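Peer 1: Handing you this structure, nothing more for now.
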């Protein structure tokens, strides 16, 4: 069974979106030694925090001051075919890290938000479990059947990435093989756990308990 807080990330990636204030999202920073800043996110993060393991990206947004001071931990990848989040994920994967919490993936730029969130499914297909924690909830990519634990009345949404045979238990509204992202939004749990059955990939968003 899965839940919002039982994830055990081996690393935390900090994106350049809105930095969260929620204690659940921020809790991953306290217990993790591998904190990776995506390029320009380091400018903001290092102004108030000093715990960083690597700075990864194409470095086009990294300030000269930060680049000079932290040059020993900067890892530059100029490839423009992937974004800085993906560069960070691939860098960590190359180090054998397969479980990653991402914060700052949403906000500020809606186009970046959609790109960052949809990439979670691509990472999972490559054997990397990355979850994005925001101020309001968590995006969890899934392949196949999965049971989740959260209190009855929790708001959830499901985004289909080509899965078939979708059905659910413990949800207020039935689910099916959605062909548009909006169709699986605004559902609600009716018990202290819910289950999704499917063949293929999908993305679940679980709002934090109120």
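The values are calculated or read from the model by the stated rules, or taken from the named source; none is laboratory data. Computed from a predicted structure; not experimentally measured. Quick reminder, even Gly has a Cβ in these numbers, built from the backbone with ideal geometry, and neighbours come from all protein chains shown.
Peer 1: Quick check, is residue 113 touching a residue at least 24 places away in the same chain (Cβ under 8 Å) and closer than 24 Å to residue 10 by Cβ? Talk me through it step by step, then tell me what you get.
Peer 2: Numbers: touching a residue at least 24 places away in the same chain (Cβ under 8 Å): yes; closer than 24 Å to residue 10 by Cβ: no.
Spelling it out, it is not the case that residue 113 is touching a residue at least 24 places away in the same chain (Cβ under 8 Å) and closer than 24 Å to residue 10 by Cβ.
Peer 1: Take the residues in the stretch 141-150 that are at pLDDT 95 or above and assigned to a loop (DSSP other than H, G, I, E, B); name whichever of them is farthest from residue 201 (Cα to Cα).
Peer 2: Among those that are at pLDDT 95 or above and assigned to a loop (DSSP other than H, G, I, E, B), it is 145.
Residue-wise test of (1) within 13 Å of the chain's Cα centre (by Cα); (2) closer than 15 Å to residue 15 by Cβ; (3) modelled with pLDDT under 95.
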| position | (1), (2), (3) |
| --- | --- |
| 65 | no, no, yes |
| 70 | no, no, yes |
| 123 | yes, yes, no |
| 126 | no, no, no |
| 130 | yes, yes, no |
| 133 | yes, yes, no |
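Peer 1: Let me ask something else. Any residue in the stretch 62-77 that's at negative phi: show its pairings with residues that are at pLDDT 90 or above and part of a loop (DSSP other than H, G, I, E, B) at Cβ separation under 8 Å, as long as the two are six or more apart or on different chains.
Peer 2: Close Cβ pairs satisfying both conditions: 70/52; 73/52; 73/53.
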